[in-house]
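A short worksheet on the structure shown next.
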């Protein structure tokens, strides 16, 4: 079974992500085809099975079929489709419910062993070194100076560990009646700093983040400062194009604020 085979399904469409190509049959299923690393894909599929059984107040995709035993190009995992609409605004209560639910999860040894290392996609413990080696050559002197300041902020973060989704971007949230009804794309789930997830909700405004997670606010801003740099290095590590991430970082450099307050 290949992507082309599944695209013959009536209504199926192709969606391309950073690490996977996906065939989406809206309302039915999503088939994800890893582009490169089958070892990570297999581990993440096992982690998703465990996460989908957690007592969370929102839906998590279920693994319907696992064919990650096949070679690249054919290897895929079929997940349940989560309905829901995007949201241009979010209430404090809706965001707090998501973050509180994640904070309440205490991964056991089995789940912990299946989770990503924090920032695995950007080099894990070597994230700062990877950014310096791969991204800095693409920046001018002033941009490198500002990037160095961001990396120093990141290095100075106090240690904090909890259950983290790792990529709570609006595209991965499903909404219904003003609440998050489902969350997709758990590939970056890890035992990391919960402020990373809080930072993702800044797309709905930093004042919301400060109200909902005041104790995590400054750490969240540091994680958000890293987003363009980790995105760029992740793209480069996948032999992809970092242009959109570099443009994002340069917009911040232009106002000399990482991240901008609004």
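Rounded to the nearest angstrom and listed largest first, the equivalent-ellipsoid semi-axes of region 109-158 from its Cα gyration tensor are 27, 13, 6.
When the chain is treated as a Gaussian network with alpha carbon springs shorter than 10 Å, the biggest mean-square fluctuation among 45, 15, 202 belongs to 15. Note on residue 237/residue 74: beta-carbon distance plugged into 1/(1 + (r/R0)^6) with R0 of 22 Å gives a FRET efficiency of 0.40. Given their separation in residues at 0.36 nm each and the Cα-Cα distance between them, residue 103 and residue 91 gain 2.5 nm when the chain is fully extended.
Per the Debye formula on identical point scatterers at the alpha carbon atoms of region 1-156, with no solvent, log10 I(q)/I(0) at q = 0.08, 0.12, 0.18 Å⁻¹ is -0.34, -0.76, -1.20.
Extending 7 Å from the Cα toward the beta-carbon at both residue 125 and residue 18 defines two label points whose distance is 2.1 nm.
Largest GNM mean-square fluctuation across 73, 166, 192, computed for the chain with C-alpha springs under 10 Å, falls on 73. Building the convex hull from the alpha-carbon atoms of the chain and averaging its projection over directions returns 13.8 nm². Reported to the nearest whole Å, the Cα centre-to-centre distance from region 1-51 to region 93-141 is 22. For the chain, the longest principal axis of the C-alpha atoms and the axis of helix 243-255 are separated by about 30°. Across 164, 150, 13, mean-square fluctuation computed from a Gaussian network of the chain (C-alpha pairs under 10 Å connected) peaks at 13.
Over all distinct Cα pairs, what is the inverse of the mean 1/r for region 3-80, reported as the Kirkwood hydrodynamic radius in Å?
12.9 Å
Short-range pairs are left out: with C-alpha atoms under 8 Å and at least six residues apart, the relative contact order of region 92-255 is 27 percent.
Every read-out reported here was derived from the displayed coordinates using simple, explicitly stated rules and does not represent laboratory data. This one's a predicted model, so the numbers in the text were calculated from it and none came from an experiment. Cβ: placed from backbone, ideal geometry, glycine included. Neighbour counts: every protein chain shown.
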